[in-house]
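What follows is a set of notes on a single structure, which appears directly below.
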Amino acid sequence: MDLIFAEASPPGRGGVSVIRLSGAGARAMLERFAGRVPEPRKAVLRLIRDGDEQLDQALVIWFEAGSSFTGEEVAELQLHGAPVVVRRVSAALQAAGCRQAEAGEFTRRAYVNGRMDLAAVEGLGDLLEAETEAQRKLALQNASGGLSRKVETWRQMLIRAGALIEVSVDFADEDVPDDVPNEVFHILHQLRSEFSGEIDGFHAAERLRKGFEVAVIGPPNAGKSSLINRIAQREVALVSDISGTTRDIIELRIDLKGLAVTLLDTAGLRESNDQIEAMGVDRARNRALTADLRLHLSSTGQVDDSLWSDGDIAVTTKADLAAQNTGMAISSVTGAGINQLLDELYERLSLRVSGAGLVSRQRQLSAIRDARDTLQQVDDLPPEILAELIRQTAVSLDRLLGRIGAEEYLDVIFSSFCIGK
Ligand code: GDP
């Protein structure tokens, strides 16, 4: 693989800019620009020179092949954080034959060289995109091999079950009872139940990863846009007392005590002769129905039963205008009740992620479903068939880690990475 380089820090001005090189020849390149190569993994201050010209002074770190992030020879230059310095050093590297890396190319090499499996790569991708605490925690668990370790334990259990079956088959040849040992069934039942547990926890884990959708619904002028604006503390939605102004769905992404939540401001739900408004209402209805939870707003406390689901919250708006308030009442003018509403929303959503597992992507889910389905019915099967099912289950687990059948996903996964990662 050729020698690639990229700025690993975000572009722009900062304290330090990091340029990373990876591939055979990184060592020679480092010698050429920074003189003597430092001891592995020890940062050393060096002049960076292009022939006679001094380009910068930088901390230089050297990683040998086999003990670097990509598995290849890797060098890092911690330059002064000015775009012009990065441009000048990049130009010199390019002129010397290094190629600018594509998005995710370093991580792709780490994967190809067996330094990371696909589940860890996906975790790393999520970590780089994490916005909230819950997202960070889940992503870090997977990036540091949480799911990979779990799968490895399952593989060991399969290997043990396979070995026990082999022994029983061997004995059978010698006219010894060819019962499949009970331990085999015990292991397979346990695996099946662990797979089911991960499948059950998928929805929650996916919500942690992608965030929840919460639709704010209610009749025109109920105060939906005002609530969203109040939460956003800025004008994200158009507030107006002319009905039907919110024709499209406006999304507001918030960090609700660590949970990522997208609030949807929906068009006023009413029959309309205006074609464009009617489309907005349709869209609002559909989106509201598929959201994870709905806040039903109205100044009278009434809700639209056709959109109500268990777990939804009824909210009485314009509490400042009412003499007395019961239930969940808010005022977007005074701010009364809004923190209580957000607390209640958090409580309800956090209950839903309490059973989250580590499997949080459709790709992973489909592999683990296959594994579970393969072991759906194992009782009373002869050893030869059990051995085949065990083999098939191991194949599904290999797929989960991207050891096989990963090609179609790679481009999509790596293209979501940034350049320099
Ligand atoms: P939407 O159609 O449901 O999005 O409603 P809006 O947020 O556009 O609000 C409709 C009207 O009600 C506007 O004139 C707002 O200023 C007013 N309004 C919204 N919330 C409150 C509130 O809490 N108190 C009072 N007094 N007026 C409100």
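The values are calculated or read from the model by the stated rules, or taken from the named source; none is laboratory data. What you see is a predicted model; the values in this text were computed from it and never measured. When we count neighbours, we look across all protein chains shown, and the Cβ atoms used for this are built from the backbone with ideal geometry, even at glycine. The area values use the complete protein model at the heavy-atom level, side chains included, leaving out ligands, DNA and RNA. Shrake-Rupley method; radii C 1.70, N 1.55, O 1.52, S 1.80 Å.
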Residue match in the stretch 160-170 (condition: open to solvent by 30 Å² or more (accessible area, probe 1.4 Å), in a loop (DSSP other than H, G, I, E, B) and either assigned by TED's automatic domain parsing to the domain that holds Q377 or not hydroxyl-bearing (S, T, Y) (or both)): no
Residue identified as under 28 Å from T266 (Cβ atoms), in contact (Cβ under 8 Å) with a residue 24 or more places away in the chain and open to solvent by 10 Å² or more (accessible area, probe 1.4 Å) among S360, S332: S332
Scan of the stretch 132-159 for residues that are out of contact with any strand residue (DSSP E or B) (no Cβ under 6 Å at 6 or more places or on another chain) and either open to solvent by less than 10 Å² (accessible area, probe 1.4 Å) or part of a loop (DSSP other than H, G, I, E, B) (or both), ordered by number: A139, N142, S144, G145, L147, V151, W154, L158
Members of the stretch 67-93 found to be within 23 Å of R27 (Cβ to Cβ), open to solvent by less than 30 Å² (accessible area, probe 1.4 Å) and of a type in the set (G, A, S), listed by number: S68, G71, A75, S90, A92
Only listed residue being modelled with pLDDT under 90, polar (S, T, N, Q), open to solvent by 90 Å² or more (accessible area, probe 1.4 Å) and under 15 Å from G223 (Cα atoms), chosen from Q302, Q275: Q302
Number of the exception - L252 against (1) under 26 Å from the mean Cα position of the chain (by Cα); (2) open to solvent by 10 Å² or more (accessible area, probe 1.4 Å); (3) within 16 Å of the ligand (Cβ to nearest atom): (2)
Filtered residues of the stretch 23-40 (kept if outside any helix (DSSP H, G or I) and open to solvent by 90 Å² or more (accessible area, probe 1.4 Å)): R36, E39
Members of the stretch 305-318 found to be farther than 14 Å from A288 by Cβ, among the charged types (D, E, K, R) and buried (at least 16 other Cβ atoms within 10 Å of the Cβ), listed by number: K318
